[in-house]
Amino acid sequence: MESWSEWINHTLGVSHSFQYKLLVTIVIALFLYGLRQLIIHLLFRNVREIKTWYNWKKGITYFIYVLFLVMVSPIWIIELQSLGTFLGLLSAGLAVALKDPISNFFAWAYIMLKQPFEMGDRVQINDSEGDILDIGFFEFTMLEIKNWVEADQSTGRIIHVPNGLLFTHPIINYNQALGYIWNEIPVLITFESDWQKAKRILLDIEQSKLKKLITKSQAEARLNLAQKKYNLSYSTLEPTVYTSIKENGVMLTLRYLCNPRKRRDSQQVAIEAILEAFAKEPNITFAYPTTRFYDATREGAKAPVQET
């Protein structure tokens, strides 16, 4: 062993002290890595719920990182006059060379403390939208939705987003308020249609087809919890149909709560039910833009010319 140390010192110019510190650091790293793998293996055998297992895995990993720093730091700073000197030099160098990674790391701490989102939440930040798959020290990972895919369904792509974007861009969380989101389905019918009957049909469809897709008590409980943190105010969580006048007819807008991941499914259920119900009603007709061509020679006499 001493001969190897002498050879390294003579050939590479690496001091015996540095070699010792490096060797001890590697041994500690290997030991802690093996300990982490063992704990995770034992945990995987006893925990079957994926989200719980993931949270435990991340917590153990963070603990191992902190333990590694605590064990290794005294080895490398022992020759410095004080810990303050070491931290001062380190922070000055890192602040210049690692601005973005430092920002990402502090953003990770912000995520852990303030929890603007957590595992499984559906979020939008900058131009990216998706479901949170992983939260790391420097980036979080999302399963992308939308883009070229219609509605809120997955594209199958993974997005890696730097944590630091949280400090410069607003983040939109689909799950944090109610656990559900509001969705609207616009239905345009002609002016001659029985709009009052059409409105009743839409509400009946919501009660029979859409209401079972959510748990109202759960939404109310989530709202009560969110109101303790945010200034949220909803007069009702019940579905409704709004009426407005458009240039082509009467617009009926069905507004209802749905699961963020079931928006397209719920919309399909509602639209198919609307098509079936309106097909049975001769006095309800969908409106759509039309163009009419008038031929005076075929449809009637020419308008008389006024004499001047």
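Values quoted throughout were computed directly from the atomic coordinates according to the rules given, and no laboratory measurement underlies them. Keep in mind that this is a model prediction, so the values were computed, not measured. Note: ideal-geometry Cβ built from the backbone for every residue, glycine included; neighbour counts use all protein chains shown.
Can you check what the net charge comes to around ASN163, using other residues whose Cβ is under 12 Å from the Cβ of ASN163 (Lys, Arg +1; Asp, Glu -1)?
Values: positive: none; negative: ASP100, ASP134, GLU139.
Value of the local net charge: -3.
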Given Cβ charges of +1 for Lys and Arg and -1 for Asp and Glu, the option among ILE189, ILE274, PRO260 whose Cα lies farthest towards the positive end of the dipole of the range 181-279 is PRO260
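How large is the dipole of the range 181-279 about the Cα centre if only Lys and Arg carry +1 and Asp and Glu carry -1, each at its Cβ, rounded to the nearest 20 debye?
On the way: 16 positive and 11 negative charges, 131 e Å.
Magnitude of the dipole: close to 620 debye.
Going by average Cβ neighbours within 10 Å, how do the peptides 152-158, 225-231 rank, with the highest at the top?
Values: 152-158: 13.4, 225-231: 10.6.
Descending mean neighbour count gives 152-158, 225-231.
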Excluding near-sequence neighbours (fewer than 8 apart on one chain), the range 190-230 holds lysine pairs with C-alpha atoms under 25 Å apart numbering 9
